[in-house]
Amino acid sequence: MKVEPQDEVVRPVTVGERANNPQSNPARRWWIAVLAFVIVVAIVISGILPRIHARAALDKETAEMAIPTVSVVHPKRGAPSEEAVLPANVQAYIDAPIYARTNGYLKTWYVDIGAHVKAGQLLAEIETPEVDQQLRQARADLATSEANLNLSKITTDRYAGLLQSDSVSKQDADNAAGDYAAKQATVQSAQANVKRLEELQAFEKIYAPFAGVISARNTDIGALIDSGSSGGSRTELFHIVQPDKLRVYVSVPQAYSQAAKPGLKADLVLPEFPGRAFPGTLVRTAQAIDQSTRTLLVEIRVDNPTGTLFSGAYAEVHLKLPNASSAFILPVNALLFRSEGLRVAAITDGQHAELKPVTLGHDFGSEVEVVAGLSGDESIVINPPDSIVSGEEVRIAQPTAASGESQK
């Protein structure tokens, strides 16, 4: 039996079936590819950009951290005057030991220590029997010489009259004249010896050479007095001082020597007068540095009309020394010790450091005086790093409230 093929029924394709068939929509495939590419690019960008930003932030932070942060101070101008406290020795304006000028035994003394005496006042008397005997002998020799002189004068006058009548020879007259001249010289020598012994006898009495106070009596009645003329050691009988004015000697260090000029004011402080200062004035200097101590000896005069201060005392002198007007004060931790010399790091434009050479004056311990190299308007770095160089960029640290209050 022959079966005839049936005709195939053609069915129309719906819209949904067309959408589910990718081969039927080329535009859809293109959009899917674009969307996938965008998604991949977004994923890549989202992973790279944070790294780029992180690296940029790290580079910026590194650059900022490479700039050192420093603290600064402003130089303080030194005071117009500086006070130097130095040890000193107080001496009376006039201070003299009293010695005997003749040998003998002390007969009596009239003043003791602490006595106020006037100029020319009798202090003691010395018995000098040997000098008295020598004086009597000298006076006798003078009388003999004067008698011989008188006889020689008579002979000379007589020979001169006889010579006119040729009763004596010219030689005899000349011999008489020569003997008369010799006798005159002998008389003059005897007179000088008598005068010497009279003056020596006058030294039996010891007088005060000036008005003052007896500070020492080193003899007593009956003590042997040796003037030292015979080669023995002299004995100081009295010591007298004039305390109404005092000389105060101070050894000023060489660093202050140029500022120690006559006319400077000084205050004298003694431990027995706490809280009290005695004014004085520098009157003279030695004008030379002592090579053994490297100091300049100066003299300060202090008035002492009431005798409150005692000579020989130890004191402290507060000497007011003028400072150079261009001197500045800096802390010691602002200094840089370099091979080329002493430097400080100054910030003039607010961002860059400049190493400036400086010259130091006085050292005050935690601070130093700078006498050259600064103008006063700089900001000086304290505790500068050793690696800092000129032109290096720096950042100035802002002071905290606590540090600001401490600086005040």
(message) If each residue of separation counts as 0.36 nm, what is the full-extension length gain between A372 and F273 once their alpha-carbon separation is subtracted?
(response) 31.6 nm
(message) Per 0.36 nm of contour for each residue apart, how much would the distance between L35 and Q191 grow if the chain were fully extended, relative to their Cα-Cα spacing?
(response) 41.1 nm
(message) Can you list residues from other chains, or at least 5 along the same chain, whose modelled amide H is less than 5 Å from the amide H of A327?
(response) G78
(request) Express in nm, to one decimal, how much length is gained between A96 and L224 on full extension, taking 0.36 nm for each residue of separation and deducting their alpha carbon distance. (result) 43.9 nm
(message) Using only the heavy atoms of the protein chains and a 1.4 Å probe, how would D172, D166 rank by accessible area, largest first?
(response) D166, D172
(message) Give me the net charge for the shell around E130: Cβ to Cβ below 13 angstrom, other residues only, Lys and Arg +1, Asp and Glu -1.
(response) -3
(request) Filter the chymotrypsin sites (Phe, Trp or Tyr not before Pro) in region 104-194 to those in DSSP coil with at most 12 other Cβ atoms within 10 Å of their Cβ, and list the result. (result) Y110
(message) With the cut-off at 1.5 for a/c, could you classify region 207-338 from its C-alpha gyration tensor as rounded, prolate or oblate?
(response) prolate
(message) Among the listed pairs K170/K195; K107/K183; K195/K245; K245/K320; K107/K195; K153/K205, which have their C-alpha atoms separated by more than 31 angstrom in this model?
(response) K170/K195; K107/K183; K195/K245; K153/K205
(message) Could you sort V283, V85 by their accessible area in this structure, using a 1.4 Å probe and putting the largest first?
(response) V85, V283
(message) Can you give the FRET efficiency to the nearest 0.05 for F310 and A255, using r as the Cβ-Cβ distance and R₀ = 35 Å?
(response) 0.65
(request) First measure r as the distance between the Cβ atoms of D132 and S233, then evaluate 1/(1 + (r/R0)^6) with R0 = 22 Å and state the FRET efficiency to the nearest 0.05. (result) 0.35
(message) Check which residues have an amide H placed less than 5 Å from F210's amide H, if you skip close sequence neighbours.
(response) G120
(request) For region 198-203, just list the computed ³J(HN,Hα) in residue order, Karplus coefficients 6.51, -1.76 and 1.60, θ = phi - 60°, integers in Hz, with x standing in for Gly and Pro. (result) 5, 5, 5, 5, 5, 6
(message) Loop only by DSSP, 12 or fewer other Cβ within 10 Å of the Cβ. Give me the GluC sites (Glu not before Pro) in region 236-322 that pass, ordered by residue number.
(response) E272
(request) Mind ranking I382, I43 by accessible surface for me, highest first, 1.4 Å probe? (result) I43, I382
(message) Using DSSP to call loops (not H, G, I, E or B), can you name the trypsin sites (Lys or Arg not before Pro) in region 139-244 whose Cβ has at most 15 other Cβ atoms within 10 angstrom?
(response) R234
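The values are calculated or read from the model by the stated rules, or taken from the named source; none is laboratory data. Small disclaimer: the values here were computed from a predicted structure and weren't measured. Note that we place each Cβ from the backbone using ideal geometry, even for glycine, and neighbour counts take in every protein chain shown. Heavy atoms of the whole protein, side chains included, go into the accessibility calculation; ligands, DNA and RNA do not. Shrake-Rupley method; radii C 1.70, N 1.55, O 1.52, S 1.80 Å.
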